[in-house]
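Colleague: Have a look at this one.
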Amino acid sequence: MWDLTYTITEDMLLYPGIPQPVLHDFATAENDGYGLSNYAFWNHLGTHIDAPTHFFADGLSLDQFPIDAFIRRVHTIHCEGEDSISASFLSHAVHGIPPTDGLLLLTGQYRYWGTPRYFDPFPVLTKEGAEYLMGEGYSMILVDAPSVDPVTTDTFPIHRIVLQHPVLIVENLAYQEDLPDSFHVTALPIKVRNSNGCPARIIATR
């Protein structure tokens with residue numbers, strides 16, 4: 001088994017504009033005989049899942065998805081070194097992969113997690129690339145990067161193309177280098193009513 005989840009900490013480096021988490025212990029077993037804590041953080045931080053309601057008012061929230069939507073066979077597409085992830089590149093890269101499975105678009109950004117370089121430019125889907133994957137019917141998109149869009153965007157076109165289908169997006173995947181190129185993933189967010197996204201524990205198995 002592989003844990004593909006980054007740990008949430010108060011000093012973690014976050015997507016530009018997101019405030020730091022606050023993890024406060026009201027009581028501890030050592031001092032009070034029991035532990036009780038308050039966690040305050042935005043829902044799109046660390047390893048998390050985006051729901052259609054992230055961008056579409058009439059879209060599905062995470063709690064409205066059937067449980068099997070979070071369990072998928074996933075295949076790794078090696079995108080390191082690509083300027084962008086185009087439809088032409090993908091038409092060869094996904095050859096033979098069942099269209100109902102999920103895809104991990106491996107950019108190599110996982111190597112820089114926790115450093116400012118993590119937010120430097122990285123390969124992202126072109127609009128045509130995203131439309132190609134959605135047209136083929138792939139059921140989950142995962143990235144080892146801060147976003148499926150460039151960090152500099154203010155329109156988020158790739159999010160909109162993917163989420164309107166609706167297909168779940170997993171961002172900030174904590175890739176492990178001994179992970180097989182094809183694996184099963186269980187990506188379970190906390191079940192919060194009307195959630196437009198949520199941190200999730202992502203576990204991979206063969």
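Colleague: In the set [x] 16.8; [y] 17.6; [z] 19.2, which value of Kirkwood radius over Cα pairs in Å was calculated from the structure you see?
Modeller: The listed entry that was calculated here is [y].
Colleague: Ranking request for peptides 178-185, 92-99, 49-56: highest mean number of other beta-carbon atoms within 10 Å first, then the rest in descending order.
Modeller: The most tightly packed comes first, giving 49-56, 178-185, 92-99.
Colleague: If packing is taken as the average count of other Cβ atoms within 10 Å, what order do 126-135, 65-74 fall into, highest mean first?
Modeller: 126-135, 65-74
Colleague: Which whole-Hz couplings ³J(HN,Hα) result when phi for each residue of region 28-35 is put into the Karplus expression 6.51 cos²θ - 1.76 cosθ + 1.60, θ = phi - 60°, listed in order with x for Gly and Pro?
Modeller: Those phi angles translate into 10, 4, 5, 9, 10, x, 7, x Hz.
Colleague: If you don't mind, there's one more thing I want to ask. Where the centroid of each part is defined by its Cα atoms, how far is region 5-40 from region 104-128 in Å?
Modeller: Going from one Cα centre to the other spans 26 Å.
Colleague: Once you list every other residue whose beta carbon is under 13 Å from the beta carbon of ASN43, what net charge do they have if Lys and Arg are +1 and Asp and Glu are -1?
Modeller: -1
Just so you know, all these numbers are worked out from the coordinates, no wet-lab data involved. Quantities reported herein were computed from a predicted structural model and do not represent experimental measurements. Cβ atoms come from the backbone with ideal geometry, glycine included; neighbour counts cover every protein chain shown.
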